[in-house]
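Worksheet: one structure, shown below.
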Amino acid sequence: MITILGSTGTIGKNTLSVLKNIGKQNKVFALSANKNIKLLFQQIKDFNPRYAVISDQFNALKLIEFCNKNVAGISDSLSQFHGAQISRASDKPRNPSNKASDVEIKSIDSLKALKAAGASLTPISFETENQVITHYPIPTAGMCLKCHADTQKTISSAVQQKLQSLYPEDMATGYQVGDIRGIWVVKMDKDIQK
C-alpha cells in the first residue's frame with residue numbers, strides 16, 4: 001500500500017500517473033494535499049484511497065461534505081472492481097446507514113477485545129450458505145481524530161458544525177488513536193471464489 005504526501009503537487013501527480021499506467025491504482029492507501037481540493041476530489045474518485053487529508057481548514061470542511069455525498073459511490077466502485085459487496089459498519093456510526101448488525105457488533109467487540117489484550121488485529125471470516133464474509137478492522141489513525149476525537153477538546157468548532165449539519169445523529173466521536181471505529185464488511189459469493 002502506498003501513501004502519497006502532496007498528491008496534488010507535481011511529484012505527487014506524476015507518481016499517481018505512473019501507478020495508474022502500471023495498473024497499481026488500487027494500491028493507494030492515503031493521499032494528502034495542501035489546498036487543491038478539486039484535484040484531491042478527482043484523485044479520491046480515481047484511486048479510492050482509504051484516507052484523504054487536506055491541511056487547509058476551509059477545504060477540510062469541503063472534504064467532509066465530499067465524503068458525505070460520495071462515500072457510497074466509492075464503496076460501490078470498489079465493490080465492482082473487486083467483485084464483492086464492500087461496506088462499513090460501526091457500533092458508533094456517523095451515518096445511520098452504517099449501523100452494525102448484531103453479527104457485525106460481535107466482530108467489533110471481538111476486535112476490541114483483541115486490541116485490549118495486545119493481540120494483533122486480524123480479519124474475521126465466516127461463511128453462510130452462499131457467501132464468504134470477512135470483517136476487517138478499522139483502527140483510528142491520527143488523522144481520523146480531526147473528525148472522530150473528543151468533540152469538546154480536539155475537533156474544531158467549524159468541523160463540529162459541519163458534521164452536525166450533515167450527520168445530526170452522529171455517534172462517531174470520542175476515539176483515540178488505535179481504537180476500533182468499526183469494520184469493513186466484504187461479502188463475496190461462493191461461486192466467485194471458485
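The values are calculated or read from the model by the stated rules, or taken from the named source; none is laboratory data. It should be emphasised that the depicted structure is a prediction, and the values quoted were computed from it without experimental measurement. We place every Cβ from the backbone using ideal geometry, glycine too, and count neighbours over all the protein chains shown. Side chains included, ligands, DNA and RNA excluded: accessible areas come from the protein's heavy atoms. Shrake-Rupley method; radii C 1.70, N 1.55, O 1.52, S 1.80 Å.
Contact map, region 44-63: residues that are more than 18 Å from residue 163 (Cβ to Cβ) paired with residues that are modelled with pLDDT of 75 or more and open to solvent by less than 40 Å² (accessible area, probe 1.4 Å), Cβ distance under 6 Å, separation 6+ or inter-chain. Pairs shown: 44/52; 47/28; 49/28; 49/30; 49/31. Contact map, region 161-185: residues that are within 17 Å of residue 112 (Cα to Cα) and of a type in the set (Gly, Ala, Ser) paired with residues that are at pLDDT below 90 and surrounded by 18 or more Cβ atoms within 10 Å (Cβ to Cβ), Cβ distance under 6 Å, separation 6+ or inter-chain. Pairs shown: 172/148; 182/88; 182/138.
Within region 20-43, residues that are of a type in the set (Gly, Ala, Ser) reach partners that are open to solvent by 90 Å² or more (accessible area, probe 1.4 Å) with beta carbons closer than 6 Å, at six or more positions or on different chains, in the pairs 32/5.
Of the strands (runs of 3 or more DSSP E) lying entirely inside region 94-192, those containing at least 3 residues that are farther than 20 Å from residue 30 by Cβ and open to solvent by 60 Å² or more (accessible area, probe 1.4 Å) span 124-127.
One residue stands out in region 69-86 among those that are open to solvent by 50 Å² or more (accessible area, probe 1.4 Å) and either within 20 Å of residue 188 (Cβ to Cβ) or among the polar types (S, T, N, Q) (or both): the one that is modelled with the highest pLDDT, namely 85.
Would you mind stating whether residue 140 is in contact with an Asp or Glu (Cβ under 6 Å, 6 or more places away or on another chain) and under 25 Å from residue 53 (Cβ atoms)? For residue 140, the condition - in contact with an Asp or Glu (Cβ under 6 Å, 6 or more places away or on another chain) and under 25 Å from residue 53 (Cβ atoms) - is met.
Scanning region 1-21 for residues that are at pLDDT 85 or above, open to solvent by 50 Å² or more (accessible area, probe 1.4 Å) and not polar (S, T, N, Q) returns 2, 5, 11, 13, 18, 20.
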